[in-house]
Amino acid sequence: MDYDNGFILQKTVDWSLLNDGMTIPVSVCSLFRAWDESILTHGQSKDIRILIDGEFYDAKLKNQNFVQSNWAGHKDVIQIRYSRQSALAVKLRAVFQESYAYLFAQKQALGKSKRQIPLPDDLQEYIRLYLTSSPDVLCMECCR
């Protein structure tokens, strides 16, 4: 499986990435279309696997099913989704323990607030995402 030239994005670690998934920026959605055209059908999703450190983790690649008439002209929203209890979320929280501990403490302090919490500069960690030659597999590199 070749992914050397498949780099598509780098994303800073945040609460969502460590628990639920991530949204693919509209600016790189055309790369996903070239990789697998089927995912760009509004409201569709498919099972994928994420390769991290030689191990595969289950996730979903999803084109969100929002009511297009309510959001005229809005582009499709493509996301990688997984549950908080999934092996992928557990792996990411283990790799990014320091970020998770910081974000968890901040969430506890804020209560039910849904405010986005940025990591301080000295804690900045990120993932790099790569397309592979397989239409069901993405490679994720965890970077500190």
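The values are calculated or read from the model by the stated rules, or taken from the named source; none is laboratory data. None of the values given here were measured: they were computed from a predicted structure. Neighbour counts are summed over all protein chains in view; Cβ atoms, including those assigned to glycine, are modelled from backbone coordinates with ideal geometry. Surface accessibility is based on the protein's heavy atoms, side chains included, excluding ligands, DNA and RNA. Shrake-Rupley method; radii C 1.70, N 1.55, O 1.52, S 1.80 Å.
Mind counting the residues in the range 83-121 that are more than 17 Å from the chain's Cα centre (by Cα), farther than 23 Å from residue 56 by Cα and polar (S, T, N, Q)?
Residues meeting the conditions: 3.
Tell me which residues, restricted to the range 30-68, are modelled with pLDDT of 80 or more, more than 16 Å from residue 82 (Cβ to Cβ) and charged (D, E, K, R).
53
Any residue at all in the range 78-85 that's more than 26 Å from residue 28 (Cα to Cα), polar (S, T, N, Q) and assigned to a loop (DSSP other than H, G, I, E, B)? Explain how you work it out, then say what you get.
So the first thing to find is which residues in the range 78-85 are more than 26 Å from residue 28 (Cα to Cα), and the list is 85.
Those still in the list that are polar (S, T, N, Q) too: 85.
Going one step further and asking which of them are assigned to a loop (DSSP other than H, G, I, E, B), we end up with 85.
Within the range 78-85, one or more residues are more than 26 Å from residue 28 (Cα to Cα), polar (S, T, N, Q) and assigned to a loop (DSSP other than H, G, I, E, B).
One residue is enough: does the range 104-112 have a residue meeting the conditions assigned to a loop (DSSP other than H, G, I, E, B), farther than 15 Å from residue 13 by Cα, of a type outside the set (A, V, I, L, M) and touching a residue at least 12 places away in the same chain (Cβ under 8 Å)?
Step one: filter the range 104-112 for residues assigned to a loop (DSSP other than H, G, I, E, B), giving 111-112.
Narrowing further to those that are farther than 15 Å from residue 13 by Cα: 111-112.
Still in the running and of a type outside the set (A, V, I, L, M): 111-112.
Applying the additional criterion that residues be touching a residue at least 12 places away in the same chain (Cβ under 8 Å) yields none.
So far as the range 104-112 goes, no, none of its residues is assigned to a loop (DSSP other than H, G, I, E, B), farther than 15 Å from residue 13 by Cα, of a type outside the set (A, V, I, L, M) and touching a residue at least 12 places away in the same chain (Cβ under 8 Å).
Could you list, in sequence order, all residues of the range 119-140 that are in contact (Cβ under 8 Å) with a residue 40 or more places away in the chain and open to solvent by 20 Å² or more (accessible area, probe 1.4 Å)? Give the steps one after another, and end with the answer.
Restricting attention to the range 119-140, the residues satisfying the condition of being in contact (Cβ under 8 Å) with a residue 40 or more places away in the chain are 119, 124-140.
Within the range 119-140, 124, 126, 128, 130, 131, 133, 134, 135, 136 qualify.
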